[in-house]
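Encoded as structure tokens, the structure appears first; notes follow it.
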Amino acid sequence: MPLRTEAHASQTQPSARVRRFGRTERWVHRTTAALMGICVATAACLYIPQFAELVGRRELVVRIHELAGVALPVPVLIGLVSRGFRVNLGFLNRFSPHDRVWLRGALMRDKRRSARPAGKFNAGQKVYANWIAGATLVMLGTGLMMWFTHLTPIMWRTSATFVHDWLALTIGIVLGGHIGMALGDPEARAGLRTGSVSRGVGQTRTPALEALVELLVWRAGRPAQPSKSSSTLHDRLRSAASANADSASRTGTTALTSASNAGSTARSWSASSNSSSKRNAPRSSISC
């Protein structure tokens, strides 16, 4: 096949990969993963005697652990500048009825696609993201109480140490499961590494979810144009909103007309009742 024909065929055929993450999302994930890895590694050197003897220089390890822990929320805060990152956070923070179906299928170990419906993120990813965000904030607060010992009483510091240690162990176990699942899913790793995934990924989405995801991503300023289904959904949403506005205006007009009619009826009834009462009132004479 000539080169021009091949180039024309490559332009006319749809791409085998679709964009999933932008540059900001990938940077935030990599930076947060690096800081979390430093925190876990230094914590292991502080709490496991064999690692502590191997590394030594405990004071330096403590300072690295403290600085990495304080800097852990910084990439997420910087990423909030990006609109695409905020859209993805909205997807992670929003649970829908299909997420309950996904969790039920996961608990029942149902491997069918119909039992695992999902949008851009499945329910397991949403639960993990929200849990690790809350755990990071708790670790940051308890770590600051352990660092600045003169700010809190000894009972608070003791409780903070207890929570910090056991939550660190829990985070280590959960991170191990997260890394294990990532190692078993090369397509997900490719999505976070390159920002794109194959078109076959995410076929468990319903057409409405797929159209809504494409519409929101397009509204967030992504270069990809919305598909026909998302445009149709946008038109339906716009027509529904205009229909609601028209019905509300009609309802308001009808209510005003009914109120004016009721007011005129009340006034006429009051006038007729007053005239009849004057005619039927008894005549009395006053004598001096």
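The values are calculated or read from the model by the stated rules, or taken from the named source; none is laboratory data. Because the structure is predicted, anything quoted here is derived from the model rather than measured. When we count neighbours, we look across all protein chains shown, and the Cβ atoms used for this are built from the backbone with ideal geometry, even at glycine. Heads up: the accessible areas ignore ligands, DNA and RNA and are worked out on the full protein's heavy atoms, side chains in. Shrake-Rupley method; radii C 1.70, N 1.55, O 1.52, S 1.80 Å.
Things worth noting here:
- Here Ala68 passes the criteria (1) in contact with a helix residue (DSSP H, G or I) (Cβ under 9 Å, 6 or more places away or on another chain); (2) open to solvent by 30 Å² or more (accessible area, probe 1.4 Å); (3) within 30 Å of Phe148 (Cα to Cα) except the one numbered (2).
- Inside the stretch 160-199, residues that are assigned to a helix (DSSP H, G or I), open to solvent by less than 60 Å² (accessible area, probe 1.4 Å) and not β-branched (Val, Ile, Thr) make up a count of 16.
- Residue check, Thr24 surrounded by 15 or more Cβ atoms within 10 Å (Cβ to Cβ), among the hydroxyl-bearing types (Ser, Thr, Tyr) and within 25 Å of Phe148 (Cβ to Cβ): no
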